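Input: a single structure, listed below in structure tokens.
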Amino acid sequence: MDVLTLSRVQFGATIAFHYIYPPLSIGLGVMLVLMEGLWLKTGKSVYHQMARFWTKVFALTFAMGVATGIVMEFEFGTNWATYSRFVGDVFGSALAAEGIFAFFLESGFLAVLLFGWEKVGRKLHFFSTCMVCLGAHFSAVWIVVANSWMQTPAGYHIVGQGLKARAEITDFWQLVFNPSMVDRLLHTVCGAWCAGAFLVVSISAWYLLKKIHVEFARASLKAGLAVALLASLLQAITGDRNAKGVAKNQPAKLAAFEGLYETRSNAPLTIVGWVDEKNEKTSGIRVPGMLSFLARGDFHAPVTGLKEFKPADRPPVTASFLFFHAMAGLGFGLIGIALLGIWYLRQDTLHERRWLLWMLVLSALGPQIANQLGWFAAEVGRQPWLVYGLMRTPEGLSAVVKANAVLATLVLFTFIYFLLFAVFIYVLNDKIQHGPDDADLIPSGKLALPTRH
Amino acid sequence: MHLDLNFIWFILVGILFTGYAMLDGFDLGIGALHLFTNKDEERRVMLNSIGPVWDGNEVWLVTGGGALFAAFPNVYATAFSGFYLALFLLLASLIFRAVAIEFRGKRPEHWWRQMWDVSFAAGSVLSSLLIGVALGNIAWGVPVDADGEFAGTFAGLLKPYPLLVGVTTVALFMTHGAIYGVMKTEGKLHDKLRVWTTRCIIFFVICAVTLTMATLLFVPHLAPRVRENPWLFSVALANMLAIANIPREFQHGRDRRAFLSSCAAIVTLMVLFALNTFPNLIYSLPHPENSLTIYNAASSPKTLRIMLVIACIGIPAVLAYTVSIYWIFRGKVKLDKMSY
């Protein structure tokens, strides 16, 4: 394989593996704030037990996120040096801002969240939990700013020519609020909330199936399902806003998502289907006019097709189409699962419906897969561009890195990541089997002090 | 040399990497000493002495990398693609160090703990060594072509001088970590750490003296700056006094002051390094005209200015949380059920 393929595979593999964890940290962060907040408000000890147990799960995902995240910070320089020189002025600023505003905040207060239970008072502990959660969200903000700039560059101008050309900032706020940033951020954050909430739902449902830690599981399930439903509904709304943005800013990408070759009005939306790249046709179950409506807000509005673009400027159609449709399908499935869960929870018959509990147990995989597919769709759909319209992917490679070096690190990191993943699952399973600690029903240390009312 | 944005960013990136060396330095040092005891409880105390802070300390490196990318993208690109294999080894070491801390305490089995103990110690030693080798290469000079690309090989990075800097870094971090351990522990482990600290100091002093001689003898481009500005010799003097003060304070049982002295030794070493490198960030050998400097490798003035605003907003906050975390977790380590 050549350096280009190897570097793309390496970047894809390391980012995909990394991206299992940050959404969990963001989503579980929100769950922790909710649980600890409920504890402070009601004083019910089950909420304290919940906060303590889910903190342990959070710590595990956070550690994995930190360990795999440091690779990403350096990989632009190692494998994509030409890209780094081209965009450093713009893109580097976002990464540095992430370090200063997000990582320090997160890692500082994390110490109090994990180890400070008996060292600081309730309010200061709750404040630390909120700050960790906020830090995790800031991190999402700056990364999405950086990535969105690659999708819809703004606030820059090109200085120099040929190999010396580079993008320089002209307007920082235009760069930060580039056309796709807000919609993509909301969509990413909702996906992260889903990941955290459905993990809580899944583990709690499993306890209910096994009829252990029942009170804990019911309280966790309730909190988890509430956030899961809210986040999955918001996910559909932000997804719709993104589709409109993609239609406007990256028409080739939207056409690839939908496998639309001919520019047409009354464009149909494919619910399930497949793309025949050879004959440039897409077939399947389709809703006429729906794509025009979703992309342009009018059933008769024209939607640009792939044939408007030279074959060299089109993204890989089948991959974009499949990733996008699988993501959207999973997203709607998750709304359905959350609705069913809440419905039977309110009827108080959830514990009798084992089929639904099993579905809830498996639901933790849904947001994980959908988040990955969503990013695959976003990044594959951006091809052949590394920076949309400015730099093609092969142009960004490091000039001095040879294929065998990339192969060596790819093999090394694949091995390390498989090992880490196995250990992560093993330790996570261990924590789940161990379950919440009954001693946590009685807060000790400084936390035992009654809060003032 | 005047105070322009490029110079300010040279200082700021320097502060971030110095902060990293001073803070994560003792974490890596504790890691290097980890296998010296084989009692599970003592190993737990060692791990938990850095438990609440190591993650925040590593952020200094991540932010330093980000700041280098933003302020001097050409240096970030050339160094990281040029030191490709070395950098991935560093990343792998840091990963093993990080996950070992998290995973070790999760299972009671002996083989499980032993596995993560080795991973923690090896990750820490290798990280310190590779960081030192990288600094050593920058000080010695690396081949850079006219396009500003690295023109050497991986094996070419393993010259004796950079390796010596690597070993010195390990010794320095071990000393730093051992003193930190002395401050954070009590009882038998504390007494053991006192003995190790003395040995680490001797190891470090031998390395430091050898390195100084090697630098004077074999790295001719480093001395002229001090020769041109003799007042800069005071930094070298301060460095020597800081190093000499470590055993002095330590012998008198003033551990906190000994730790502050080893912090001062790290800071003055980094200042010396920066003084000698300036205005280059990557010194090109054998073609010094291809060197990447704080001017030819920098981002646009506008970006540097925006980044400065970001830094001015962010740094006070960062210092505030760093100080409060160290304050909250001050004193000797006590194991409880939240511990690793």
| task | Report the net charge of residues surrounding A:G108, where surrounding means a beta-carbon distance below 14 angstrom and charges are Lys +1, Arg +1, Asp -1, Glu -1. | result | -3
| message | Let me check against my output: what whole-number percent is the relative contact order of the stretch A:109-186, with C-alpha pairs under 8 Å and at least 6 apart? | response | 27 percent
| note | Going residue by residue through the stretch B:190-207, the Karplus relation 6.51 cos²θ - 1.76 cosθ + 1.60 with θ = phi - 60° gives ³J(HN,Hα) values, rounded to whole Hz and with x marking Gly or Pro, of 4, 5, 4, 4, 4, 5, 4, 4, 4, 5, 5, 4, 4, 4, 5, 5, 4, 4
| query | Which shape class, rounded, prolate or oblate, goes with the protein assembly as shown when its Cα gyration tensor gives a ≥ b ≥ c as root eigenvalues, a/c under 1.5 marks rounded, and past that a/b bigger than b/c marks prolate? | reply | oblate
| message | Binning at 10 angstrom from zero up to the longest distance, how are the C-alpha pair distances of the stretch A:270-399 distributed in percent? | response | 10, 28, 30, 19, 10, 3, 0
| If you count, for each residue, the other Cβ atoms within 10 Å and average over each peptide, how do A:312-323, B:321-332, A:80-91 line up from highest to lowest? | A:80-91, A:312-323, B:321-332
| request: For A:L269, enumerate residues with amide H under 5 Å from its amide H, sequence gap 5+ or separate chain, H modeled in the peptide plane. | output: A:V287, A:G289, A:M290, A:L291
| remark: Inter-chain shielding metric for A:58-67, i.e. average beta-carbon neighbours from other chains within 10 angstrom, reads 4
| task | Treat the count of other C-beta atoms within 10 Å as a stand-in for reagent exposure and order A:I271, B:I266 from fewest to most. | result | A:I271, B:I266
| query | What average number of partner chain Cβ atoms lie no more than 10 Å from the Cβ of the residues making up B:304-312? | reply | 3
| query | Can you list the residues, at least 5 places off or on another chain, whose amide H is less than 5 Å from the amide H of A:T282, using H built in the peptide plane? | reply | A:D276
| Listed peptides B:131-143, A:186-198, A:379-391 by packing density, highest first (mean Cβ within 10 Å) | A:186-198, B:131-143, A:379-391
| With each pseudo-label sitting 7 Å past Cα toward Cβ, what's the A:D2-B:V205 distance in nm, one decimal? | 6.0 nm
| For the stretch A:82-228, what is the relative contact order in percent, using Cα pairs closer than 8 Å and at least 6 residues apart in sequence? | 21 percent
| List the GluC sites (Glu not before Pro) in the stretch A:253-298 that DSSP assigns to loop (not H, G, I, E or B) and whose Cβ has at most 16 other Cβ atoms within 10 Å. Which are they? | A:E262, A:E277, A:E280
| field | Label-to-label distance, nm, for residues given as B:L216 and A:L419 (7 Å Cα→Cβ offset) | value | 4.4 nm
| said: Which lysines, if any, have their Cα less than 26 Å from the Cα of A:K123, not counting same-chain residues under 8 positions apart? | reply: A:K41, A:K44, A:K56, A:K222, A:K446, B:K332, B:K334, B:K337
| request: Averaging sequence separations of C-alpha pairs under 8 Å and six or more residues apart, then dividing by the length of the stretch B:1-125, give the relative contact order as a whole percent. | output: 33 percent
| Kirkwood Rh (inverse of mean 1/r, distinct Cα pairs), chain B, angstrom | 20.8 Å
| task | Would you please give the residues with an amide H less than 5 Å from that of B:G105, counting only those at least 5 places away or on a separate chain, with H modeled from the backbone geometry? | result | none
| request: Could you work out, residue by residue across B:89-101, how many beta carbons of other chains sit within 10 Å of that residue's beta carbon, and then give the average as an integer? | output: 5
| message | Among A:A312, A:M72, A:F332, whose Cα projects farthest towards the positive end of the dipole of chain A, with charges put on the beta-carbon of Lys, Arg (+1) and Asp, Glu (-1)? | response | A:F332
| field | Under the Karplus curve 6.51 cos²θ - 1.76 cosθ + 1.60, θ = phi - 60°, whole-Hz ³J(HN,Hα) for the stretch B:101-108, x wherever Gly or Pro sits | value | 4, 6, 7, 3, x, 7, 10, x
| request: Return P(r) of chain A (all Cα-Cα pairs; 10 Å bins starting at 0; whole %; ordered from short to long distances). | output: 4, 19, 28, 25, 16, 7, 1, 0
| How large is the charge dipole for chain A, taken about the Cα centre, if only the Cβ atoms of Lys, Arg (+1) and Asp, Glu (-1) carry charge, to the nearest 20 debye? | 620 debye
| note | Charge dipole of chain B built from unit charges on the beta carbon (Lys, Arg +1; Asp, Glu -1), centred at mean Cα; most positive-end Cα among B:S284, B:L260, B:M240 is B:L260
| task | Measure off 7 Å from each Cα along the Cα-to-Cβ vector at A:R346 and A:A165, then give the distance between these two points in nanometres to one decimal. | result | 5.8 nm
| task | Please give the direction-averaged projected area of the C-alpha convex hull for the stretch A:255-298, in square nanometres with one decimal. | result | 2.8 nm²
| query | What share of all Cα pairs of the stretch B:280-340, in percent, falls into each consecutive 10 Å distance bin? | reply | 17, 21, 21, 19, 17, 5
| request: Determine ³J(HN,Hα), in whole Hz, for all residues of the stretch B:327-336 in sequence, where each value follows from phi through the Karplus function 6.51 cos²θ - 1.76 cosθ + 1.60 and θ = phi - 60°; x replaces Gly and Pro. | output: 5, 4, 9, 6, x, 6, 6, 10, 7, 9
| task | Could you let me know the centre-to-centre spacing of the stretch A:1-69 and the stretch A:299-357, using Cα atoms, in angstrom? | result | 23 Å
| remark: Scaled by the rule-of-thumb 2.2 N^0.38 Å, the alpha carbon Rg for the stretch A:356-431 gives a ratio of 1.60
| message | Could you work out [θ]222 nm for chain A from helices alone, using -39500 (n - 2.57) per DSSP H run of at least four and dividing by all its residues? Round to the nearest 500 deg cm²/dmol. | response | -22500 deg cm²/dmol
| Burial ordering of B:K39, A:K222, A:K253, fewest other beta-carbon atoms within 10 Å first | B:K39, A:K222, A:K253
| note | With a Förster distance of 25 angstrom and the Cβ-Cβ distance between A:H300 and A:D240, calculated FRET efficiency to the nearest 0.05 equals 0.85
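Each value in this text was obtained by applying a stated rule to the coordinates, not by laboratory testing. Owing to the predicted nature of the structure, the values given are computational and were not obtained by experimental measurement. Counting neighbours? That spans all protein chains shown, and the Cβs are built from the backbone with ideal geometry, glycine included.
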